Amino acid sequence: MDKKIITVQNLVKHYGNFEAVKGISFDVYEGEIFGLLGPNGAGKSTTLEIIETLRDKTSGKIMVDGFDLDTQPNEIKKIIGVQLQTSGFYPGLNLLELIDLFSGLYNQKVDPYALLDLVNLRDKAKSKVKQLSGGQKQRFSIATTLINKPRIVFLDEPTTGLDPQARRNLWELVRNIRKQGTTVIITTHYMDEAEYLCDRVAIVDSGRIVAMASPDQLIDELVATGFERPKEMKKANLEDVFIHLTGNTLRETQIPES
Ligand code: ADP
């Protein structure tokens with residue numbers, strides 16, 4: 001896992017007089033799950049959208065799988081999958097029709113049922129997006145990022161608003177995507193999620209990377225400074241109680257068509 005698939009060098013982004021990204025540099029290795037963490041307004045989305053070719057940078061150099069963002073943005077577009085909010089999907093189309101639409105746009109042949117199997121939505125093939133639960137919508141939007149068989153997938157807070165079962169289900173989906181050789185870049189506000197999923201994380205604050213390493217390494221470094229949690233942790237937490245009582249099975253009631 002040591003081929004660099006993304007390199008970002010000295011990335012700067014100004015919005016008018018405001019410097020949202022202040023010269024950040026990082027590499028993402030092929031086949032890893034890389035997390036971009038940080039408080040709201042830190043500059044995560046700006047950074048991701050620049051790499052995704054959706055936003056202009058002020059300065060800096062970005063290479064994605066050997067392509068230079070400045071001169072070959074169209075080559076980059078072909079090898080990345082970007083998760084879109086399902087609210088932007090045509091409301092009148094069902095999942096099969098949407099997959100058909102996207103594969104036409106990307107000029108790709110896909111087996112729609114194989115794709116729906118991957119995200120566990122075969123039984124919803126003829127449903128419209130608005131009839132899906134929150135977790136199902138997220139899984140479908142992730143499925144659409146895979147249509148152009150990307151080498152890198154970008155997921156922006158994919159589990160926000162999901163119940164613990166749906167969140168865990170999505171974690172396994174992300175791991176499966178990586179298992180197939182795809183590099184994953186993810187943003188999340190859930191530190192347990194980052195700890196479970198990410199090989200490495202970069203913590204961004206006010207437009208700067210303040211730490212970058214594996215979650216384990218970052219935790220060890222903090223402990224080495226003498227840090228101790230104010231209260232001794234119990235062997236389980238409330239989420240463990242919740243999962244113990246309600247199980248891992250997905251609860252996805254179909255929302256009737258209005
Ligand atoms: P994050 O994704 O970490 O929450 P963003 O990249 O969305 O952070 O935003 C970083 C900073 O840039 C914030 O202060 C935000 O208000 C500002 N910002 C984002 N987009 C714009 C824009 N289009 N115009 C002006 N300021 C922006």
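The values are calculated or read from the model by the stated rules, or taken from the named source; none is laboratory data. All of these numbers come straight from a predicted model, not from anything done at the bench. Counting neighbours? That spans all protein chains shown, and the Cβs are built from the backbone with ideal geometry, glycine included.
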Any residue in the range 6-16 that is surrounded by 18 or more Cβ atoms within 10 Å (Cβ to Cβ), aliphatic (A, V, I, L, M) and more than 16 Å from the ligand (Cβ to nearest atom)?
-> yes
Near pairs, Cβ below 7 angstrom, 6+ apart or cross-chain, from the range 204-219 (among the aliphatic types (A, V, I, L, M)) to any residue that is away from the ligand (no atom under 13 Å from the Cβ) and not in a strand (DSSP E or B) = Ala211/Leu218
Within the set of pairs 6+ apart or on separate chains, which have a first residue in the range 24-51 that is without any contact (Cβ under 8 Å) to a residue 60 or more places away in the chain and within 7 Å of the ligand (Cβ to nearest atom), a second that is of a type in the set (D, E, K, R) and in a strand (DSSP E or B), and C-beta atoms under 6 Å apart?
-> Thr46/Lys13
Out of curiosity, is Val223 farther than 22 Å from Phe154 by Cβ, assigned to a helix (DSSP H, G or I) and β-branched (Val, Ile, Thr)?
-> yes
Residue ID - farthest from the ligand (Cβ to nearest atom), chosen from residues in the range 67-99 that are assigned to a helix (DSSP H, G or I) and under 15 Å from Ile185 (Cβ atoms) = Ile79
If you go through the range 147-166, how many residues are out of contact with any strand residue (DSSP E or B) (no Cβ under 6 Å at 6 or more places or on another chain) and among the hydrophobic types (A, V, I, L, M, F, W, C)?
-> 3
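Does at least one position in the range 55-66 carry a residue that is of a type in the set (Val, Ile, Thr), over 16 Å from the mean Cα position of the chain (by Cα), more than 13 Å from the ligand (Cβ to nearest atom) and not in a strand (DSSP E or B)?
Of the residues in the range 55-66, the ones of a type in the set (Val, Ile, Thr) are 58, 62, 64.
Filter once more, keeping what is over 16 Å from the mean Cα position of the chain (by Cα): 58, 62, 64.
Next, only the ones that are more than 13 Å from the ligand (Cβ to nearest atom) stay: 62, 64.
Now narrow it down to the ones that are not in a strand (DSSP E or B): none.
No; the residues of the range 55-66 include none that is of a type in the set (Val, Ile, Thr), over 16 Å from the mean Cα position of the chain (by Cα), more than 13 Å from the ligand (Cβ to nearest atom) and not in a strand (DSSP E or B).
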Restricted to the range 83-124 and to residues being among the hydrophobic types (A, V, I, L, M, F, W, C) and surrounded by fewer than 16 Cβ atoms within 10 Å (Cβ to Cβ), the residue modelled with the lowest pLDDT is Leu84
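Okay, residues lined up against (1) within 14 Å of the ligand (Cβ to nearest atom); (2) without any contact (Cβ under 8 Å) to a residue 40 or more places away in the chain; (3) within 18 Å of Lys137 (Cβ to Cβ); (4) not in a helix (DSSP H, G or I):
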{"residue": "Ala166", "(1), (2), (3), (4)": "no, no, yes, no"}
{"residue": "Asn169", "(1), (2), (3), (4)": "no, no, yes, no"}
{"residue": "Leu173", "(1), (2), (3), (4)": "no, no, yes, no"}
{"residue": "Arg178", "(1), (2), (3), (4)": "no, no, no, no"}
{"residue": "Ile185", "(1), (2), (3), (4)": "yes, no, no, yes"}
{"residue": "Asp192", "(1), (2), (3), (4)": "no, no, no, no"}
{"residue": "Glu195", "(1), (2), (3), (4)": "no, yes, no, no"}
{"residue": "Ala202", "(1), (2), (3), (4)": "yes, no, no, yes"}
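Tell me, yes or no, whether the range 17-38 has at least one residue that is among the aromatic types (Phe, Trp, Tyr), crowded, with 21+ Cβ neighbours inside 10 Å and either within 18 Å of the chain's Cα centre (by Cα) or closer than 22 Å to Ser214 by Cβ (or both). Walk me through it before giving the result.
Start the filter on the range 17-38 by keeping residues that are among the aromatic types (Phe, Trp, Tyr), which leaves 18, 26, 29, 34.
Those still in the list that are crowded, with 21+ Cβ neighbours inside 10 Å too: 34.
Applying the additional criterion that residues be either within 18 Å of the chain's Cα centre (by Cα) or closer than 22 Å to Ser214 by Cβ (or both) yields 34.
Yes: the range 17-38 contains one or more residues that are among the aromatic types (Phe, Trp, Tyr), crowded, with 21+ Cβ neighbours inside 10 Å and either within 18 Å of the chain's Cα centre (by Cα) or closer than 22 Å to Ser214 by Cβ (or both).
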